[in-house]
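Down below is the structure, laid out as structure tokens.
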Amino acid sequence: MTTTTFQTAVSAPQTLGLIELPDAVRDSIGRELAAEPDPTRDIDRAMARYHQIFAGLPLELLQQILDFGRHNDTPGVGYVRNLPVDPELPLTPSNGGPAADKKTYVAEGVLLGLSGLLGEPVGFLTEKNGNLVHDVIPVEGGAMSQTNQGSVVFLNFHNDIVHDAIGRYDVSNPDFLVLSCLRADHEGVAATHYADARDIVRALDSRTLELLRSPLFLLNAPGSYVRDVAGGQEVLSDPVAMINGPEQFPEISASANGVRGMTTAAEAALDRLQAACRETAHQVYLRPGEALLINNRKGLHARTPFTARYDGADRWLQRTYVRRSQWSIRYRQDADNRRVHY
Ligand SMILES: O=C(O)CCC(=O)C(=O)O
Ligand SMILES: [Fe+2]
């Protein structure tokens, strides 16, 4: 019998790519975004306009963001700081959004402008009603859940997957997420974590890695799908490996809402995977005017617990799901909307 060892060619830990706007650029982009209407009225025009506005970034920063989106060997997470914010912000909607009374669309412009540098924002009917701008807000009924409504519980290391009738949830899912902060949590303790698969692989022993690279795992569908479509019942994927692809460029996928190992050894490997994520993760406490660019294939993300008060001043992020191409997911495109999928 031969034992396979997976030795990675990557030797240095992956960095958190930091991208900080100069004040003058923040202010000029902010002025331009404040003059733009609600982008959802004509999203393709809005995306084109945001391209023009974000072309005003200094060349080095613009290239850094473009490289983040287009190259295999770049970091899996980018931290963008000193972005413009809305001159005034309504209360954080207690129903999880969207807010009905937002007067300007600077936050939306920041979110979509950054997204447009990585690919195209897309929607899924079972996630936030197919909206392109997702609000990530604690919701009382979902406080304990492994979804973006949660707060009291640690949101396990996962990537964002979508239920798919093909039996794989890691194919038509987004390539990138952009998470942009409108309001921090009251205590400022909610941290977003990102663990890069290249670092995770280095932290694991070869036997665990061999298990994680074997099709011994069933992913549960996203919490929103299980809650809204499946009446609370698990909807498991076909057997899949957690880690796939060449050693230099591993792709990783894990459901926040539960992964089942098909053997006891596979279950133990899942525990080691979560531990390796905790050991290697970058942590970011997002503040207003800050955004995370998350590669949804190169690594897993998580969120630490925090206390929600449901008082209109709770944590409020906006999120996009970004694909570099919609062609390979055209089998599930909605007939009425060219950016929305079943
Ligand atoms: O709240 C966060 O920081 C991350 C939440 C999350 O996993 C998501 O929105 O996909
Ligand atoms: Fe997530």
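Nothing in this text is a laboratory measurement; each read-out follows from the coordinates by a stated rule. From a predicted model like this one, the values you see are computed outputs, not experimental measurements. We place every Cβ from the backbone using ideal geometry, glycine too, and count neighbours over all the protein chains shown.
Points to keep in mind about this one:
- Separation in nanometres of the label points that stand 7 Å from Cα toward Cβ, at R81 and A35: 3.0
- Mean Cβ count within 10 Å, highest first, over the residues of peptides 25-34, 252-261: 252-261, 25-34
- HN-Hα J in Hz across region 34-44 - Karplus 6.51, -1.76, 1.60, θ = phi - 60°, x for Gly and Pro: 5, 8, 8, x, 3, x, 6, 5, 8, 5, 6
- Segment A165..A275, full-extension length gain: 36.5 nm, with 0.36 nm per residue of separation and the alpha-carbon distance subtracted.
- Ranked list, fewest to most other Cβ atoms within 10 Å of each Cβ, for F249, F176: F249, F176
- Summary of the geometry: region 83-136 and region 213-264, compared by the centres of their Cα atoms, lie 27 Å apart.
- E187 sits among other residues whose Cβ lies under 12 Å from its own Cβ, and their net charge, with Lys and Arg +1 and Asp and Glu -1, is 0.
- Site pair S325 and F249 shows an inter-label distance of 1.3 nm when each label is modelled 7 Å from Cα along Cα→Cβ.
- Ranked H71, H163, H301, criterion: other C-beta atoms within 10 Å, fewest first: H71, H163, H301
- Given +1 at the Cβ of Lys and Arg, -1 at the Cβ of Asp and Glu and no other charges, the dipole of region 17-329 around its Cα centre is 180 debye to the nearest 20.
- Potential lengthening between R309 and D27 on full extension [0.36 nm per residue; Cα-Cα distance subtracted]: 98.3 nm
- Near H282, once Lys and Arg are set to +1 and Asp and Glu to -1 for all other residues with Cβ below 12 Å from its Cβ, the sum equals -2.
- Projected label distance in nm at V229 and T264, using a 7 Å step from Cα toward the beta-carbon: 3.6
- FRET E, pair Q52, N129, Förster distance 30 Å, beta-carbon r, rounded to 0.05: 0.55
- Contact order normalised by residue count of the chain, Cα under 8 Å, 6+ apart, percent: 28
- Each Lys and Arg adds +1 at its Cβ and each Asp and Glu adds -1 at its Cβ; summed about the Cα centre, region 212-325 shows a dipole of about 320 debye.
- One decimal place: the segment L18-D73 gains 18.2 nm when fully extended, by the rule 0.36 nm per residue minus the C-alpha distance.
- Under Karplus coefficients 6.51, -1.76 and 1.60, residue-wise ³J(HN,Hα) of region 295-304 in Hz, glycine/proline x: 6, 8, 10, 7, x, 10, 10, 8, 9, 7
- 3J(HN,Hα) along region 214-229: 9, x, 10, 9, 10, 8, 7, 4, x, x, 5, 5, 4, 6, 8, 10 Hz, from the Karplus curve 6.51 cos²θ - 1.76 cosθ + 1.60 with θ = phi - 60°, whole Hz, x for Gly and Pro.
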